[in-house]
Amino acid sequence: MGLWTFYFLAKLYLHFKGYIYLDFILNLLFAVFLIIPIPQHFRFHKVFSVLRNSIGLVLGFFLLWHDYYLPPFSEAIQFIQTQMLPKEYVYKTLLKSINLAETAVLGFLLIFCVLVRKHLSLAPFVLVLLLLGTLWDLKQDKGEMERYLDFFYQSETRRVISFERPKDGDTPFDIIFLHICSLAWQDLKIVGMEGHPFFKQFDYLFTQFNTVTSYTNPSAIRLSRANCGQPRHDDLYRHVETECYLFDTLRSLGYETYFTLNHDGRYGDFAEQVRDLGHLDPPLLWTDLPVQQSNFDGSPIFDNYAVLKKSWEIREKLKGSRVALYHNNTSLHGGTYWTGEANWWERTREDHYREFVEKLFSDMTKFFDLLSASGRNVVVIFVPEHGRALGASKLQASGLRDIPLPQITLVPVGIKLIGANRHGLVAGQSISKSISYLALAQILASFIKESPFGGGIPQDTIATIPQTDFLAETQVARVVKRGNDYLLERRSLDKRWVKLSKEALR
């Protein structure tokens, strides 16, 4: 096996230290492939040896990628092909993710393998360890978790929020969804902004809202299907019953709807995908507004307030008494920088992020003032898509979000009622219930049934919102909360669930 023993021993070490997630079955099969003897007297011995080594290098690379907490390889290639980040920024990011102590240990392990390989074969030792790991995984009882997940998803399919038409003569109001990229409680804590005065403006602030996902497109799809319970990740890319689509429901209740964003919506086919799978309107795109930032792919990010002001001017020209706007904002995304800022990569991510958040909060506050001055009744729902993963964990480097850890999916969600006659409202409530999108649909259904700007808000509106147990997922992993523990499952052959350590959850 030669120096392949270092490959496996290094991965075993990183696995037991919690840095990677070793798929024992695949690694055992790969090790067997490497040690299958090729007879010396075989005519094409050298050809097959070279071929196996070449194939081994390719398989070894992809298996390491699979075992490490990295995005799917196809997505990484797409990012490399489209991103315009300077090489200095990429180098700085890679260097920041290196653990020098663990690198030194791996260096000593490599020296050990080189020194002993002529005197001692480590291959049997490696095979035994991989076999023991495989047997241990097969022995684990995964049935309990599978039963829990089946129960969870089946229960969620039965949860549907029903909307009633507004009563005749009921005071109408607009609805504005502000869907914000890359803003989690953990990100705010890292830059010392978790207690920012911005959050005191909301009438309801939810502190345990789970976005379920750590990426933009699935987050927008989940929000647009808020009427129904939490589906599996794969089911997001299939069309569902009409009753699940929030904006279809609002249209049926007399709302005019429209869709704006402060970017071009092209990356990841965002605008097109959420139109199709979320039943949103074609987005309104801008060419004449001031550019605030450059996105990581080189595309423009327009000024937050300019876009919101323009969006509201469009609403003012509409004659309907009820209008619903979905607005998407990507100002906080990783790799963005101020327009015209030279050598921006030399500054820390934390400094940039703090400035971007301050600008966003300031612009949002100005927008709230604009709404107040309009004299219209408006329900504003401020909901982040997911966090930015500003801080690194033992599982993922800073900026990586494929593992939907709670520090990425638990976000601040606020509801603000703007209007002259808000009845029965106890302002400034902080709610710590474990909730997700279904709760937002329930609140809206309650408001539409009995307008908070006329008849008053029933006291049990918030008390009775549906709670949702924590389960977050992407196409590569699921994280579930059971009791006080978080468990992780990678989508791999062994279907193993791992209890996450405090280091992984910091």
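Any read-out appearing in this document is the output of simple, stated calculations on the displayed coordinates, not a laboratory observation. Owing to the predicted nature of the structure, the values given are computational and were not obtained by experimental measurement. Note that each Cβ is placed from the backbone with ideal geometry, even for glycine, and that neighbours are counted across all protein chains shown.
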Checklist entry - Put +1 on the Cβ of each Lys and Arg and -1 on the Cβ of each Asp and Glu in the chain; which of Gly375, Leu250, Leu410 then has its Cα farthest toward the positive end of the dipole? => result Leu410
Item to check | Residue-by-residue Karplus 3J(HN,Hα) for the stretch 356-364, coefficients 6.51, -1.76, 1.60, Hz, glycine and proline x | outcome: 5, 5, 4, 5, 4, 4, 5, 5, 5
Item to check | Low-density loop positions, GluC sites (Glu not before Pro), the stretch 240-296 - DSSP coil, at most 13 other Cβ in 10 Å | outcome: Glu241
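Please report the relative contact order for the stretch 4-139, taking Cα pairs under 8 Å with a sequence separation of at least 6, and give it as a percent rounded to a whole number.
Working: 52 pairs, mean separation 63.7, N = 136.
The value is 47 percent.
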Checklist entry - Taking amide H positions as placed 1.01 Å from N in the peptide plane, with prolines and chain starts having none, which residues 5 or more places from Thr257, or on another chain, fall under 5 Å of its amide H? => result Ala324
Item to check | Prolate/oblate/rounded label for the stretch 140-296 (Cα gyration tensor, a/c 1.5) | outcome: rounded
Item to check | For the stretch 282-291, Karplus couplings with θ = phi - 60° (6.51, -1.76, 1.60), whole Hz, Gly/Pro x | outcome: x, x, 8, 9, 10, 9, 10, 9, x, 8
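Mean 1/r over all different Cα pairs, inverted: what Kirkwood radius does the stretch 4-139 give, in Å? Before the final figure, lay out each step's value.
Working: mean 1/r = 0.0577 Å⁻¹.
Hydrodynamic radius (Kirkwood, Cα pairs) of the stretch 4-139 is 17.3 Å.
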Item to check | Positive dipole terminus of the chain, leading residue within Gly298, Trp4, Met364 (C-beta point charges) | outcome: Trp4
Item to check | Which label in (i) 31; (ii) 24; (iii) 28 gives the computed percent of Cα pairs over 41 Å apart | outcome: (iii)
Next on the checklist: If the only charges are +1 at each Lys and Arg Cβ and -1 at each Asp and Glu Cβ, what is the size of the charge dipole of the stretch 4-139 around the Cα centre, to the nearest 20 debye?
Outcome noted: 440
Checklist outcome for this item: Taking the chain and counting helices only, DSSP H stretches of n ≥ 4 at -39,500 (n - 2.57) each over all residues, the nearest-500 ellipticity at 222 nm comes to -13000 deg cm²/dmol
Checklist outcome for this item: For the pair Ala342 and Ser155, the simple spin-label estimate (label points 7 Å beyond Cα toward Cβ) gives in nm 5.9
Checklist entry - Within straight cross-link reach of Lys139, meaning Cα distance under 26 Å, which lysines are found once same-chain residues fewer than 8 apart are removed? => result Lys11, Lys17, Lys481, Lys495, Lys499, Lys502
Item to check | Share, in percent, of DSSP beta bridges within the stretch 171-470 that are antiparallel, nearest 5 | outcome: 40
Item to check | Interchain or long-range residues, amide H under 5 Å from Gln292's placed H | outcome: Ile301, Phe302, Asp303
Checklist outcome for this item: Here the relative contact order (percent) of the stretch 1-74, from C-alpha pairs under 8 Å and at least 6 apart, is 36
Checklist entry - Taking the DSSP beta bridges in the chain as the whole, what percent of them are antiparallel, to the nearest 5? => result 55
Next on the checklist: For the pair Glu243/Arg52, report the inter-label distance in nm, with labels modelled 7 Å from Cα in the Cβ direction.
Outcome noted: 6.0
Checklist entry - Dipole of the stretch 171-470 (Lys/Arg Cβ +1, Asp/Glu Cβ -1, origin at the Cα centre): which of Trp185, Val307, Ser321 lies farthest to the positive side? => result Ser321
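Can you tell me the dipole magnitude for the chain around its Cα centre, using point charges on the Cβ only (Lys, Arg +1; Asp, Glu -1), in Debye to the nearest 20? List each step's numbers first, then the result.
Values: 55 positive and 52 negative charges, 275 e Å.
Computed charge dipole of the chain: roughly 1320 debye.
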Item to check | Simple label model, 7 Å out from Cα along Cβ direction - Phe108 to Asn421, nm | outcome: 7.6
Checklist outcome for this item: Sequence order, the stretch 203-216: Karplus ³J(HN,Hα) from phi using 6.51 cos²θ - 1.76 cosθ + 1.60, θ = phi - 60°, Hz rounded, Gly and Pro as x, gives 6, 10, 10, 9, 9, 10, 8, 9, 6, 6, 10, 10, 9, 5
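Can you tell me the FRET efficiency between Val128 and Phe62 if r is taken as the Cβ-Cβ distance and R0 is 22 Å, rounded to the nearest 0.05? Show your work: numbers first, answer last.
Details: r = 25 Å, r/R0 = 1.11.
E(calc), rounded to 0.05, equals 0.35.
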